[in-house]
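Trainee: Just passing along the structure, written as structure tokens.
The values are calculated or read from the model by the stated rules, or taken from the named source; none is laboratory data. Remember, it's a predicted structure, so these values are computed and weren't measured experimentally. Because the Cβ atoms are built from the backbone with ideal geometry, glycine has one as well, and the counts that use them run over all protein chains shown. Note: areas computed on protein heavy atoms with side chains; ligands, DNA, RNA excluded. Shrake-Rupley method; radii C 1.70, N 1.55, O 1.52, S 1.80 Å.
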Amino acid sequence: MYRHVISGLALAALSASALVSVADDSTGAASVLRYPAAERGPTVDAYHGTEVPDPYRWMETASPDVSAWVKAQNELSQPYLDAIPVREPIRARLTELWNYEQYGYAWMDDKARMPVKKGGRYFFVEKTGSQNQGVLYWAESQGATPRVLVDPNTLSEDATASLANFSISPDGRYVAYAVSDGGTDWDHWRVREVETGRDLPDLIGDTKFTSVSWLPDASAFYYSRYPKSADGKGDDQKQVSVYRHRLGTAQADDLHVYSITDNERYNPYATVSQDGRWLVLGIFYGFDKNAIHLQDLSKPGAPVVRLIDKWDGIYDFLGVMDDRLYFRTTQGAPRGRVIAIDPAAPTPVEIVPEAEATLYQASVVGGHVIANYLEHARAKLVVHRIDGSRRGEGGPFVTEQVFYTSKDGTRVPMFITRRKDAKLDGANATLLYGYGGFDISLTPTYSAAVAAWLERGGIYAVANLRGGGEYGADWHDAGTKTQKQNVFDDFIAAAEWLIAKRYTAPEKLAIHGRSNGGLLVGAVMAQR
């Protein structure tokens, strides 16, 4: 149901003068790169009485025509890329830089899964530099020798199967793990016994993007799945429903728990509170608003109640303390705040008010609220007591934060990483990266590819465009729908600023984006 456009410039090609160029043939004449034609299809959609052509809809399918078009594109570009002299040295250096042990597990939201303790056991993901996929390990104690629990590198001969997600049962006896094959978003879940490494017969299919949430006694878990289409496969054009799976039973026998019947766009996902009493149902459509429905699991047959159903902001469930449910919300606070709700008297009580910085994440830990703020796209942690009062806050390259002015006068931040001794004389090869969408904030982080680029004297810039989440809901909204042009204007202004300040020059500047950033790159290339 999601459409992505992937684009950008290959890092290895940045030392070349241009991707589209002329090449000398054996006769000495110049031959222009001729790209494969992209046929325009007849698809036209009608929106509110207006017909909108979508001539390239055929590219969104896994058809032979799409495969042939991609193959032709690769056959054109690969010889050009292979002929770039610095390509192999860069490949060798990247291989060297990526060859280190990595811990944690990156999910699609770019957050890392840290080591966890369940039932006295420790669980973590480790990947050596030479492995395609990270391996899930477990240990009886901190000093014990780790043992392999799930190794996705052994799940397929061509290394295309990956560990898409996993969830450890509260007692540490089982792991439910999802496997994705061949890069698809679809996955299937199995359950493995930790002690023996044996898979139970349980198999859950027709899922994508769902997590599973265990009951405290590990007898069952909740998950969301799509209905089957006429061909027997999951139909992601329909809504998901929530089911409860009891260990040792077939998926066909899973208990249907909840569906949204009054709006075909809404999708429910379930989380069991840590005390096992509440089934918290997050109802989602889009990225800027959601609802919360609730079921009391301590009362058999209790109905689902619509605890928060105004669709007036984002509500992220944080946990339960003193019979109150805690949420991070943007309701009435575009930069975020924390509220608590007693289901018996569901009037929200503000715990952490909105601040000048954006409340990006929050956790309920040990009777405290740990607030993770973004202050000009930089992280800052603040510990709050239960009453809301604060308890505390806590090489050769340089990263600097600058601010520039976009076309409409908006002040936009940008991070620039460079060698400390780089001269701002307009001669630096510079790579400018942007995303600008889906409420995602771009914050400083380590990248092996960027390290290789910096070592060769390049400058790396990341613009915090509107459409992201750096300054809360208003910043995100300003780069969506009819205001999408703001994202492109912000990116163009970033490039102009880098040139005006003599970090680089037009012929030394390359732009890069992927997924939603690919749309950005394509748009600004077309406009400028």
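Trainee: Given (1) of a type in the set (Phe, Trp, Tyr); (2) open to solvent by 10 Å² or more (accessible area, probe 1.4 Å); (3) in contact with a Leu (Cβ under 8 Å, 6 or more places away or on another chain), where does PHE491 come up short, assuming only one miss?
Mentor: (2)
Trainee: Out of the residues in segment 407-458 that are closer than 22 Å to ASP490 by Cα and among the charged types (D, E, K, R), state the one that is most open to solvent (accessible area, probe 1.4 Å).
Mentor: LYS407
Trainee: For segment 502-521: of the residues being of a type outside the set (A, V, I, L, M, F, W, C) and open to solvent by 40 Å² or more (accessible area, probe 1.4 Å), which is farthest from ARG456 (Cα to Cα)? It would help to see each step written out before you state the result.
Mentor: Filtering segment 502-521 for residues of a type outside the set (A, V, I, L, M, F, W, C) gives 502-504, 506-508, 512-518.
Imposing the further condition that a residue be open to solvent by 40 Å² or more (accessible area, probe 1.4 Å) reduces the set to 502, 506-508, 512, 514.
Working: ARG502: 19, PRO506: 19, GLU507: 17, LYS508: 14, HIS512: 18, ARG514: 23 Å.
Step by step, filter segment 502-521, then rank; the result is ARG514.
Trainee: Here is a further query. Determine the pairs where a residue that is hydrophobic (A, V, I, L, M, F, W, C), located within segment 192-205, has a partner that is open to solvent by 90 Å² or more (accessible area, probe 1.4 Å) with Cβ atoms under 7 Å apart, the partner being 6 or more residues away or on another chain.
Mentor: Close Cβ pairs (under 7 Å, with a partner that is open to solvent by 90 Å² or more (accessible area, probe 1.4 Å)) amount to VAL194/ARG173.
Trainee: On to the next question. Would you mind finding the one in PRO216, PRO201 that is touching a Gly at 6+ places or on another chain (Cβ under 6 Å) and either under 30 Å from ALA139 (Cβ atoms) or not charged (D, E, K, R) (or both)?
Mentor: Testing whether each residue is touching a Gly at 6+ places or on another chain (Cβ under 6 Å) and either under 30 Å from ALA139 (Cβ atoms) or not charged (D, E, K, R) (or both) leaves just PRO216.
Trainee: Now for a separate question. Scan segment 344-356 residue by residue and report those that are under 22 Å from THR443 (Cβ atoms) and either of a type in the set (Val, Ile, Thr) or crowded, with 22+ Cβ neighbours inside 10 Å (or both). Please lay out each step first, then the result.
Mentor: Of all residues in segment 344-356, those under 22 Å from THR443 (Cβ atoms) come to 352, 354-356.
Result: VAL352, single match.
Trainee: Give segment 482-528 a look and list any residue that's charged (D, E, K, R) and at pLDDT 95 or above, or say none.
Mentor: LYS484, ASP489, ASP490, GLU496, LYS501, ARG502, GLU507, LYS508 - these are the residues of segment 482-528 that are charged (D, E, K, R) and at pLDDT 95 or above.
Trainee: What tally of residues in segment 249-287 results from selecting those that are at pLDDT 95 or above, outside any strand (DSSP E or B) and hydrophobic (A, V, I, L, M, F, W, C)?
Mentor: Selection size over segment 249-287: 3.
Trainee: Kindly indicate the residue of segment 288-336 that is under 16 Å from VAL349 (Cβ atoms), of a type in the set (D, E, K, R) and assigned to a strand (DSSP E or B) and also least open to solvent (accessible area, probe 1.4 Å) among those meeting that condition.
Mentor: ARG328
Trainee: Going through segment 170-186 one residue at a time, which ones are in contact with an Asp or Glu (Cβ under 9 Å, 6 or more places away or on another chain), open to solvent by less than 40 Å² (accessible area, probe 1.4 Å), of a type outside the set (A, V, I, L, M, F, W, C) and at pLDDT 95 or above?
Mentor: Answer for segment 170-186, where residues must be in contact with an Asp or Glu (Cβ under 9 Å, 6 or more places away or on another chain), open to solvent by less than 40 Å² (accessible area, probe 1.4 Å), of a type outside the set (A, V, I, L, M, F, W, C) and at pLDDT 95 or above: just TYR174.
Trainee: Select from segment 165-220 the residues that are in a strand (DSSP E or B), in contact with a Ser or Thr (Cβ under 6 Å, 6 or more places away or on another chain) and under 12 Å from HIS245 (Cα atoms) and list them in ascending order.
Mentor: Passing the criteria: ALA176, SER213, TRP214.
Trainee: Let me ask you something else. Of all residues in segment 88-118 being β-branched (Val, Ile, Thr) and either part of a strand (DSSP E or B) or open to solvent by less than 70 Å² (accessible area, probe 1.4 Å) (or both), which is modelled with the lowest pLDDT?
Mentor: This residue is VAL116.
Trainee: Between a first residue in segment 129-148 that is open to solvent by 90 Å² or more (accessible area, probe 1.4 Å) and a second residue that is at pLDDT 95 or above, which pairs have beta carbons less than 6 Å apart while being 6 or more apart in sequence or on different chains?
Mentor: Filtered contacts from segment 129-148: ARG147/TRP138.
Trainee: So, one more: Within segment 466-475, count every residue that is surrounded by 23 or more Cβ atoms within 10 Å (Cβ to Cβ) and more than 15 Å from GLU375 (Cα to Cα).
Mentor: 2
Trainee: Step by step: first the residues of segment 149-159, then only those that are among the polar types (S, T, N, Q) and open to solvent by less than 60 Å² (accessible area, probe 1.4 Å), then the one that is farthest from GLN102 (Cα to Cα). Which residue is that? Explain how you work it out, then say what you get.
Mentor: Step one: of segment 149-159, the residues among the polar types (S, T, N, Q) are 153-154, 156.
From what's left, open to solvent by less than 60 Å² (accessible area, probe 1.4 Å): 153, 156.
Working: ASN153: 15, SER156: 22 Å.
Ranking the qualifying residues of segment 149-159, first place goes to SER156.
Trainee: Can you name the residue in segment 201-224 that is more than 22 Å from GLY276 (Cβ to Cβ) and open to solvent by less than 40 Å² (accessible area, probe 1.4 Å) and is also nearest to the chain's Cα centre (by Cα) among such residues?
Mentor: Checked segment 201-224; the qualifying residue nearest to the chain's Cα centre (by Cα) is LYS208.
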